[in-house]
1. Being surrounded by fewer than 19 Cβ atoms within 10 Å (Cβ to Cβ) and in a loop (DSSP other than H, G, I, E, B) is the filter here; which residues of region 43-65 pass it?
2. Condition first: among the small types (Gly, Ala, Ser) and away from ligand 2 (no atom under 16 Å from the Cβ). Can you find one or more residues in region 25-44 that meet it?
3. I need the full set of residues from region 78-108 which are assigned to a helix (DSSP H, G or I) and within 14 Å of ligand 1 (Cβ to nearest atom), in order please.
4. Would you mind finding the one in Gly71, Gly79 that is at positive phi and surrounded by fewer than 21 Cβ atoms within 10 Å (Cβ to Cβ)?
5. How do the pairs read when you match residues in region 103-128 that are over 14 Å from Ile144 (Cβ atoms) and outside the structural domain of Val59 (by TED's automatic domain parsing) with residues anywhere that are at pLDDT below 95 and not aromatic (Phe, Trp, Tyr), using Cβ under 8 Å and keeping only pairs 6 or more apart or on different chains?
6. If a residue has to be in contact (Cβ under 8 Å) with a residue 60 or more places away in the chain, of a type outside the set (S, T, N, Q) and surrounded by fewer than 19 Cβ atoms within 10 Å (Cβ to Cβ) to count, how many in region 6-38 make the cut?
7. Looking at (1) acidic (Asp, Glu); (2) surrounded by 14 or more Cβ atoms within 10 Å (Cβ to Cβ); (3) more than 16 Å from ligand 1 (Cβ to nearest atom), which is the one condition that is false for Asp114?
8. Quick check, is Ile109 of a type in the set (Val, Ile, Thr) and more than 16 Å from ligand 2 (Cβ to nearest atom)?
Amino acid sequence: MAKHEVTMTINGQSVTAEVDSRLLLVHFIRENLDMTGTHIGCDTSNCGACTILLDGKSVKACTYLTVRADGAEITTIEGLAPEGTNHPLQQAFHDQHGLHCGFCTPGMIMRSVDLLKNNPNPTEEEIRWGISGNLCRCTGYNNIVKSVQQAAKEMAKEKEATV
Ligand code: FES
Ligand code: FES
């Protein structure tokens, strides 16, 4: 099978590798780089457990070829906040009990990062619509919505404090 050299930045680190042309980005991240915070729930673009940020946009890594990510800047859940600290969304999911088993949580959080970047003060409906591509089997979604609302408030406060 054809091999291709790819170089990308993952969580601030430059990574170069030779990969098969059909290797999916989620497998590259989990198996080649041992970053298992990005989950695989369906492999068919339905559940959102594999969501990462690619050049700042949330992407389902199970339907993205690694070769297509050549030159990209990628953030996974492991790189969302400096070691030993929590991003406001991670803190809010903890505070608001936005997770039970936690399987959907990395993808849900990465999707919510993109959502809040584009809409820092979303309504409940906008949050529900915004995370509609991410499935959770445990929480019933109410606490996830509360988590995103808490994070939105925290991030607005942080932004205010820096101006
Ligand atoms: S594993 Fe990618 S959407 Fe389910
Ligand atoms: S917390 Fe279990 S699937 Fe969402």
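1. Listed by number, the residues that qualify are Asp43, Thr44, Ser45, Asn46, Asp55, Gly56.
2. Of the residues in region 25-44, the ones among the small types (Gly, Ala, Ser) are 37, 41.
If we keep only those that are away from ligand 2 (no atom under 16 Å from the Cβ) as well, we get none.
No, region 25-44 contains no residue that is among the small types (Gly, Ala, Ser) and away from ligand 2 (no atom under 16 Å from the Cβ).
3. Filtering region 78-108 down to residues assigned to a helix (DSSP H, G or I) leaves 78-79, 88-95, 105-108.
Correct list: Thr105, Pro106, Gly107, Met108.
4. Unique residue meeting the criteria: Gly71.
5. Qualifying pairs under 8 Å: Pro120/Lys159.
6. The first filter runs over region 6-38 and keeps only residues in contact (Cβ under 8 Å) with a residue 60 or more places away in the chain, leaving 6-12, 37-38.
Next, only the ones that are of a type outside the set (S, T, N, Q) stay: 6, 8, 10, 12, 37.
Still in the running and surrounded by fewer than 19 Cβ atoms within 10 Å (Cβ to Cβ): 12, 37.
Summing the residues that are in contact (Cβ under 8 Å) with a residue 60 or more places away in the chain, of a type outside the set (S, T, N, Q) and surrounded by fewer than 19 Cβ atoms within 10 Å (Cβ to Cβ) in region 6-38 gives 2.
7. For Asp114, the exception is condition (3).
8. Working: of a type in the set (Val, Ile, Thr): yes; more than 16 Å from ligand 2 (Cβ to nearest atom): no.
No: the conditions fail for Ile109.
The values are calculated or read from the model by the stated rules, or taken from the named source; none is laboratory data. Just so we're clear, the structure is a prediction, and the values are computed from it rather than from any experiment. Cβ sites come from the backbone with ideal geometry, for glycine too, and all protein chains shown count toward neighbours.
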